[in-house]
Amino acid sequence: MDAETQPLEADDVGVTRGALPVAPLGMPKQLLERPEGLRTRLLALVGAGVRTRGLGN
Amino acid sequence: MSETPVPGAGTDRPDGLSGRPEEGPSWTWLARCAALVVSIGIALSAGALFLQYGSGDGLQAMDWARSLLILLSTFWLAWGACGGMLGLLAWSNPRSDAAGEAPIHGRTAILVPVYNEDPVAVFARIAAMDASLAQTGWQHLFHFAILSDTRKDDIAAEERRWYLRLVADRQAENRIFYRRRAANIGKKAGNIEDFIERSGAAYDFALILDADSLMEGATIVEMVRRMEADPKLGLLQTLPKIIGARSRFGRALQFSANFYSPVFARGLAAMQGRTGPFWGHNAMVRVGAFAQSCGLPVLSGNPPFGGHILSHDYVEAALLARAGWTVRVDTDLEGSFEEGPENIVDYAKRDRRWCQGNLQHSRLLMAPGLKMWSRFVFLQGILAYIAPLFWLGFISASIAAIALAPTPDYFPDPYQQLFPIFPHNDTAKAVELAIGIFGLLLLPKLLIVGHAVWKGRARGFGGGGTALRSTLVELLFSSLIAPVMLLYQTRSVAQVLFGLDSGWPTNNRGDGTLGSAEAWANSRWIALTGAAGLLFVWWLTPVLVAWLLPVGLPMLFAPQIIAWSSQGRPRDPDPARLFTVPTELAPSPVILAWRHVLQGWSQPAGTPAPGPADTGAPAPAFA
């Protein structure tokens, strides 16, 4: 095994038993929601205006 | 064998197409288009037929509404039936990606996430799989990692004790690991992610299991071979067969999963091409691809629609496909097993969780960059829970139509008319429609029986006679419980829409027998709804009551059906027994090994689990 292995006991994760390999691999967070753009903000603004008028304010 | 990836390889984005011309884009699109065109055609015909039936006394708004509901419901049924038909066609032209006995090189972590499970049963499965791997000669390339998210300290203590027993029995120091997270952030997806972030770089592949998963060592090795043979393959899903069912409900489900599912899965495989499914377990991922593509964000807002992604597997499959990796289900891979719920209440609880997860996917329908088929899969998952509401809407609209029907006018032109004009009687069209809808439900399953007899597959199900008898009884049984499931699903959808979170309940994998009191407590609202519905219709128009009895009676007797169907007892294998499946007549070696370990580990109640320190050298479970 290329990765460094070392026994871990009661580390910060919780409890680990055995020589679980220490070989970090990043998992970047994926983009699933479109970031708010000008169009989205404008729509939200219009929507909020309509709702406010609907409430009679 | 083609080039063998080395550790760390396979993390680049793949380009081009896989070398399987029969599964190329043209075939995939042909299958998709054929299924879509046929389903839409059948749905439009059903809607038109109902409009003709409804026009007998003039078309009212309620007729249009019912016609639309029939159209939508029929589309969903036809889509399912098309999947079955495609599966039968695909079966006649099987594809195998078997890579023979080629040596494997990559290292694989077998991940077993657990959450308040019975450690004896879970760890016995690991022992059986490890022994099965040992027989392949490739055991040294596999590590097991038990990833505990258990919250109950007493169960966690048992896990640690039985872990020591497992390691001692299997002489698995530095091959089988156990770790428990202090906080179960992100639930199962977070549990896997935590492992990959800490240890992922040490492995080429990861076999993701559930606590109730069991797989043959030879199957696992074959999966590695296929992953190594196709460097663009990011995820390989097997079709796990349900085993070990005991109750009437559990055995019916087990028969269904063993007999029909392989055919429907082949149909699905024909349509999805390289954008296949991930069902969360009994699947192998290329670690580099998974790490690169599947880091799940927390969705904005609160559960049930925001927060951590509940049905993470569908999303991970979509993300792998988005990054250009192939996601595939190989239905020819045998030796992959899981357990199923033993009663309707446990099934409904699991369904509640899946319902919330699938409806949450509505947030991801427009996620950037996803393949069109991935979006369609999300939509299908949502429809799976919304479609039953169409039937409920149709029944409600039909009752309302009676109340709102105009008084028949037999003399629309009283000054020039000697004889009355009666409304058209289009009952024949309604009968045609009913036959068509029942045909969509029955035909695929009956064809599967015929196909199984023709191909010899029925032998494993007790022969053609027993398979046909089992299919007919399963159809009757599923029709009987359909109204009960309809109400459970309706409640689930309503709870999600009203913002109630299902949380993360532990799966009940125990005996599962429900007494009358327990069944009543879990379904009295269904019985009361059925009684109230029938009384209301009787008050409104008594003639309609007889037509509603097939729906109303199962609701009324839901507690009795739930209690009765949860009962059952283990019996010796008998080919003539209803719902017989191949694993009952000839259990796979890993199933026998699992039972052997369980038997060896059985301890009198109250006896603590022995560890190596307690007993010196415990007798190994394997000779």
### Task
Would you check which residues across region B:110-134 are within 18 Å of residue B:224 (Cα to Cα) and away from chain A (no Cβ under 14 Å) and list them?
B:129, B:131, B:132, B:133, B:134
### Query
Got a sec? Which of B:321, B:291 is open to solvent by less than 40 Å² (accessible area, probe 1.4 Å) and away from chain A (no Cβ under 11 Å)?
B:321
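Only one of these is farther than 30 Å from residue B:119 by Cα and either open to solvent by 80 Å² or more (accessible area, probe 1.4 Å) or touching a residue at least 24 places away in the same chain (Cβ under 8 Å) (or both): B:585, B:544. Name it.
Numbers: B:585 fails: farther than 30 Å from residue B:119 by Cα.
The conditions single out B:544.
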### Message
Regarding region B:265-280, can at least one residue be identified that is part of a loop (DSSP other than H, G, I, E, B), touching a strand residue (DSSP E or B) at 6+ places or on another chain (Cβ under 6 Å) and within 14 Å of another protein chain (Cβ to nearest Cβ)?
### Response
no
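If you check residue B:244 against the conditions, is it within 28 Å of residue B:86 (Cβ to Cβ) and out of contact with any Leu (no Cβ under 6 Å at 6 or more places or on another chain)? Please lay out each step first, then the result.
Working: within 28 Å of residue B:86 (Cβ to Cβ): no; out of contact with any Leu (no Cβ under 6 Å at 6 or more places or on another chain): yes.
In short, no.
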### Message
Taking the condition of being within 11 Å of chain A (Cβ to nearest Cβ) and either over 12 Å from residue A:20 (Cβ atoms) or of a type outside the set (Ser, Thr, Tyr) (or both), how many residues in region B:167-178 meet it?
### Response
7
### Query
So how many residues does region B:144-166 have that are touching a helix residue (DSSP H, G or I) at 6+ places or on another chain (Cβ under 8 Å), free of Cβ contacts under 8 Å to residues at least 40 places away in the same chain and within 10 Å of chain A (Cβ to nearest Cβ)?
4
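Can you pull out every residue in region B:466-476 that is in contact (Cβ under 8 Å) with a residue 60 or more places away in the chain and surrounded by fewer than 20 Cβ atoms within 10 Å (Cβ to Cβ)? Walk me through it before giving the result.
The first filter runs over region B:466-476 and keeps only residues in contact (Cβ under 8 Å) with a residue 60 or more places away in the chain, leaving B:466-467, B:469-471, B:473-474.
If the condition is that a residue be in contact (Cβ under 8 Å) with a residue 60 or more places away in the chain and surrounded by fewer than 20 Cβ atoms within 10 Å (Cβ to Cβ), then B:466, B:469, B:473 are the ones that fit.
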### Message
Residues that are within 26 Å of residue B:135 (Cβ to Cβ), over 21 Å from the mean Cα position of the chain (by Cα) and surrounded by fewer than 24 Cβ atoms within 10 Å (Cβ to Cβ): does region B:186-195 have at least one?
### Response
no
#### Entry: Restricting region B:47-96 to residues that are open to solvent by less than 20 Å² (accessible area, probe 1.4 Å) and over 34 Å from the mean Cα position of the chain (by Cα), the residue that is modelled with the highest pLDDT
B:63
### Summary
For residue B:313, the lone unmet condition from (1) open to solvent by 10 Å² or more (accessible area, probe 1.4 Å); (2) not in a helix (DSSP H, G or I) is (2)
### Query
Is it fair to say residue B:249 is under 16 Å from the mean Cα position of the chain (by Cα), more than 14 Å from every other protein chain (Cβ to nearest Cβ), of a type in the set (Phe, Trp, Tyr) and part of a helix (DSSP H, G or I)?
yes
### Query
Within region B:198-209, is there a residue that is part of a loop (DSSP other than H, G, I, E, B), more than 8 Å from chain A (Cβ to nearest Cβ) and of a type in the set (D, E, K, R)?
yes
### Task
Would you be able to tell me the number of residues in region B:326-345 that are crowded, with 23+ Cβ neighbours inside 10 Å and not in a loop (DSSP other than H, G, I, E, B)?
6
### Summary
Considering region B:296-307, residues that are in contact with a helix residue (DSSP H, G or I) (Cβ under 7 Å, 6 or more places away or on another chain) and within 14 Å of another protein chain (Cβ to nearest Cβ), and then whichever is most open to solvent (accessible area, probe 1.4 Å), we arrive at B:305
### Message
Going residue by residue through region B:567-575, is there one that turns out to be closer than 25 Å to residue B:477 by Cβ, modelled with pLDDT of 95 or more and assigned to a loop (DSSP other than H, G, I, E, B)?
### Response
no
#### Entry: Evaluation of residue B:383 against (1) within 25 Å of residue B:523 (Cα to Cα); (2) open to solvent by less than 20 Å² (accessible area, probe 1.4 Å) (one fails), failing number
(2)
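Given the residues B:201, B:131, B:168, which is the only one that is open to solvent by less than 30 Å² (accessible area, probe 1.4 Å) and either at pLDDT 90 or above or among the acidic types (Asp, Glu) (or both)? Step through it out loud before you land on a result.
On the way: B:201 fails: open to solvent by less than 30 Å² (accessible area, probe 1.4 Å); B:168 fails: open to solvent by less than 30 Å² (accessible area, probe 1.4 Å).
After ruling out the rest, the residue left standing is B:131.
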### Query
Going through region B:547-564 one residue at a time, which ones are open to solvent by 70 Å² or more (accessible area, probe 1.4 Å) and in contact (Cβ under 8 Å) with a residue 24 or more places away in the chain?
B:550, B:557, B:560, B:564
### Message
When you check residue B:137 against the structure, is it under 23 Å from residue B:222 (Cα atoms), away from chain A (no Cβ under 14 Å) and out of contact with any helix residue (DSSP H, G or I) (no Cβ under 8 Å at 6 or more places or on another chain), yes or no?
### Response
yes
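The values are calculated or read from the model by the stated rules, or taken from the named source; none is laboratory data. In this text, all values refer to a predicted model and were calculated from it rather than measured experimentally. Heads up, the Cβs are rebuilt from the backbone with ideal geometry, glycines too, and the neighbour counts pull from every protein chain shown. SASA here: full protein model, heavy atoms, side chains in, ligands and nucleic acids out. Shrake-Rupley method; radii C 1.70, N 1.55, O 1.52, S 1.80 Å.
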